[in-house]
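No lab work stands behind these numbers, since they all come straight from the coordinates. Keep in mind the model is a prediction, meaning the values are calculated, not measured. Cβ atoms come from the backbone with ideal geometry, glycine included; neighbour counts cover every protein chain shown.
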Amino acid sequence: MKNLKKRLQQGETLHGCWLNTGSSLTAEIVGLAGFDWVLIDLEHGAGSEKDVLYQLQALEHTATAAIVRVESSESQRIHRVLDMGAEGVMCPKILNPAGAQKLVQGLHYPPFGGRGVAKMVRATGFGAHFQDYYEQSRANILGIAQIETVEVLNHLDEVAATDGVDVLFIGPADLSMELGIFGQFDHPRFLEAVRETVNAAQKAGKATGILFFNTDEYNAYHALGIRFIACGSDATFVAEGARTMAKKLDHLRSSQN
């Protein structure tokens, strides 16, 4: 484990990005780039659970912690990625306290949750250090609830207060869509929802996170109290780099005529 949860609890601002190509190579490249954490996306990403394993292996020798976004809060989905070695789990569309509790049940072993026990898995060194993993897992595994619906805005305090939920992570695209202001991240209603989320998290001693793709937004979100910050994705980095190079070559070709 790479102390991600402890660093967040100590008030650090932690930087991450999305991995949505399903590639172990781009995972390794991004892991070596200097991010504090990355999120392997099983909800919208191109990869499968098998690809998650390869990406976790690629990230192992980097300083970057690996989080996985599962498709739902079903315990089996959560168990699988934790057994593979994920250091945290993000669950989309948490609607209410019951949904938050369901996430936590999948994250932790009894008596704090209902996670199934398997010793011969990658997370425990295939049984070599199960006891250490078991004893430290509650202090190390990061639980992230996504805030991206109108319904959850009515339950922010209860979700934030759920023991085992460590981060309220705002999903800007889905939340703005639900609010009827898709993509208008400077709209007063969206900003109000962000402030409400941050306030609920702070009251409960938890962190708030968000994903954006323009670094110009960094200062505004940081000023609001957001400390778990994601910007960009492996697919974005490749696409932007490719477009930039193609434009440069086109310009050079034109200059020869």
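Note on Ile147, Ile170: ascending count of other Cβ atoms within 10 Å places them as Ile170, Ile147, the fewest first.
Arrange Val89, Val121 by Cβ neighbour counts within 10 Å, fewest through most, would you? Mind showing how you got there, number by number?
Details: Val89 25, Val121 18.
Lowest count first: Val121, Val89.
Calculate the translational D of region 165-223 in whole µm² s⁻¹ from Stokes-Einstein, where the hydrodynamic radius comes from the Kirkwood formula applied to all Cα pairs, the temperature is 20 °C and the viscosity 1.002 mPa s. Write out the running numbers ahead of the final one.
Numbers: Rh = 11.9 Å.
Reported coefficient: 181 µm²/s.
The listed peptides 14-20, 158-164, ordered by packing as a protection proxy, come out as 14-20, 158-164 (highest mean of other Cβ atoms within 10 Å first). Solvent-free Debye calculation, one equal scatterer per alpha-carbon of region 51-164: log10 I(q)/I(0) at 0.13, 0.17, 0.23 Å⁻¹ equals -0.49, -0.80, -1.29. When only Cα pairs below 8 angstrom with a gap of at least 6 residues are kept, the chain shows a relative contact order of 19 percent. Normalised Debye scattering of the chain at q = 0.12 Å⁻¹ gives log10 I(q)/I(0) of -0.69, counting only Cα atoms as equal scatterers and leaving out solvent. If the cut-off is 28 Å between C-alpha atoms, which lysines fall inside it for Lys93, apart from same-chain ones fewer than 8 positions away? Output for Lys93: Lys2, Lys5, Lys6, Lys50, Lys102, Lys203, Lys206.
Legend: ranking of residues Leu175, Leu224, Leu168 from fewest to most surrounding C-beta atoms inside 10 Å; resulting order Leu224, Leu175, Leu168.
Calculated from DSSP H runs of 4 or more alone, at -39500 (n - 2.57) each and per residue, what is the 222 nm mean residue ellipticity of the chain, nearest 500?
Numbers: 12 runs with 120 residues, N = 257.
That comes out to -13500 deg cm²/dmol.
When the chain is described by a simple charge dipole with +1 on each Lys and Arg Cβ and -1 on each Asp and Glu Cβ, the residue from Thr124, Thr162, Leu39 located farthest towards its positive end is Thr124. Net charge near Thr208: determine it from the other residues with C-beta under 12 Å of the C-beta of Thr208, scoring Lys and Arg +1 and Asp and Glu -1. Summing Lys/Arg as +1 and Asp/Glu as -1 gives +2.
Across the alpha-carbon atoms of region 137-177, the computed radius of gyration and Dmax are 11.3, 36 angstrom.
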